[in-house]
Amino acid sequence: MNGLVFGVKSVLWSAAALVLLLSMGVPLLNVLTVTLMMVPYVVLYTTLSKKAFVLHLLPVWGIGYLIMGLPALIVGLFFLIPGIVMGHLYRRDRPVRVVFTAVIVTIVGQILLELLLFNLIMNVSLIDELGNTIRTMTEQLRAQGMLSEAWTSELTDLTVRTTVQSIPQVLLMMGFLYTAVTQYIARRVLGRMGVSVKGFPPAKDWMLPRIMVLYYLVVTIIQLMVSKDSGSFLAVAVINLLPLLQFAFKMQAIGFFFFLADQRKWPRAVPLLMAIPVLLLSPLSLIGVLDVAFPIRKSFRKT
């Protein structure tokens with residue numbers, strides 16, 4: 001009986017994979033469903049044998065190909081690979097930080113590979129096309145009088161350059177978003193199916209490695225020394241690394257507030273409300289820096 005129920009669940013998750021795949025062809029809806037694309041693959045790969053996984057996958061991709069054509073296979077493959085990576089690490093019971101790192105690297109690596117293939121095979125630079133799109137939109141806005149007369153072509157070039165230089169940061173954040181959503185949903189689904197998956201420690205126990213403080217200081221100092229407009233490797237690295245480090249320390253600051261709430265027996269809503277200004281205001285990331293750099297929690301810990 002359990003095997004029958006488990007088999008039905010596998011079929012349902014295969015159907016979910018098909019629905020999500022087909023939703024990629026629906027404008028606006030695909031913006032929401034794209035973050036869920038890996039979930040069925042992770043659940044199926046974790047719970048099925050490799051042969052059974054392939055047997056469940058073939059009809060999904062077959063129907064997707066008949067309805068959407070080649071794009072269905074391209075999109076499906078893109079999310080399948082990190083889904084398999086996550087499922088494989090789940091089966092090996094690896095720590096969640098290892099899972100996150102591996103999946104994010106896989107996603108970013110795939111995107112970079114696709115950019116390279118577009119350039120080599122189709123002789124199309126998507127980065128150059130992005131710049132051209134920004135310039136075209138800017139010219140249209142200027143023609144319609146929606147931009148100030150003070151807006152010059154130099155400002156447009158600066159916008160293009162800043163956008164292009166921020167691409168690595170955007171890719172990492174995309175990878176983090178896809179991985180976080182998949183981890184959150186798949187872990188709970190698998191738990192209900194009797195599969196134990198390691199999760200993050202409670203927010204009150206979050207603590208970044210102390211070496212992160214040194215990285216933050218070094219990047220901050222470099223930012224003061226290097227012009228953002230130089231286009232050098234250091235400038236691009238700083239543009240991308242500093243916001244990522246600030247985000248990490250914002251999360252650390254949120255963890256600190258959850259620690260305070262636990263020690264002071266505050267309602268759970270208090271640290272959640274405190275998290276809002278922390279996420280919105282970059283200077284508040286310094287709370288996280290101080291939390292990692294100094295043993296300030298000892299002052300608040302109950303004896």
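Residues that are touching a residue at least 60 places away in the same chain (Cβ under 8 Å), farther than 15 Å from P40 by Cα and out of contact with any Ser or Thr (no Cβ under 8 Å at 6 or more places or on another chain) within the range 176-196 comprise F176, S196, listed in sequence order.
Count of the range 257-288 residues, restricted to those that are crowded, with 21+ Cβ neighbours inside 10 Å and either outside the structural domain of M212 (by TED's automatic domain parsing) or under 28 Å from S166 (Cβ atoms) (or both), is 3. The set of residues in the range 17-64 being without any contact (Cβ under 8 Å) to a residue 24 or more places away in the chain and of a type in the set (G, A, S) consists of S23, S49, G62. Against the criterion of being in the same structural domain as M193 (by TED's automatic domain parsing) and exposed (fewer than 14 other Cβ atoms within 10 Å of the Cβ), V11 qualifies. Within the span defined as the range 82-97, one or more residues are within 30 Å of Q183 (Cα to Cα) and among the acidic types (D, E).
State which residue is nearest to D262 (Cα to Cα) when the search covers only the range 197-224 and only residues that are of a type in the set (A, V, I, L, M, F, W, C) and without any contact (Cβ under 8 Å) to a residue 40 or more places away in the chain. Before the answer, list the steps.
Taking the range 197-224 first, the residues of a type in the set (A, V, I, L, M, F, W, C) are 197, 200, 203, 206-208, 211-214, 217-219, 221-222, 224.
Imposing the further condition that a residue be without any contact (Cβ under 8 Å) to a residue 40 or more places away in the chain reduces the set to 211, 214, 217-219, 221-222, 224.
Numbers: I211: 26, L214: 28, L217: 30, V218: 33, V219: 33, I221: 35, I222: 37, L224: 38 Å.
By that ranking, first place goes to I211.
Being in contact (Cβ under 8 Å) with a residue 24 or more places away in the chain and either under 15 Å from the mean Cα position of the chain (by Cα) or more than 18 Å from A15 (Cα to Cα) (or both): is that true of T101 here? No, not satisfied.
Conditions tested, residue by residue: (1) in contact with a Ser or Thr (Cβ under 9 Å, 6 or more places away or on another chain); (2) part of a helix (DSSP H, G or I).
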residue: P201; (1), (2): no, no
residue: M207; (1), (2): no, no
residue: V218; (1), (2): no, yes
residue: I221; (1), (2): no, yes
residue: L234; (1), (2): no, yes
residue: N240; (1), (2): yes, yes
residue: F247; (1), (2): yes, yes
residue: F258; (1), (2): no, yes
residue: P267; (1), (2): no, no
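Residues of the range 143-166 that are surrounded by 13 or more Cβ atoms within 10 Å (Cβ to Cβ) and of a type outside the set (S, T, N, Q): L147, W151, L155, D157, L158, V160, R161, V164. Does N132 satisfy being out of contact with any His (no Cβ under 8 Å at 6 or more places or on another chain) and on the phi > 0 side of the Ramachandran plot? Here the answer is no, as N132 does not meet what is asked.
The values are calculated or read from the model by the stated rules, or taken from the named source; none is laboratory data. Predicted, not measured: the structure shown is a model, and the values here were computed from it. Note: ideal-geometry Cβ built from the backbone for every residue, glycine included; neighbour counts use all protein chains shown.
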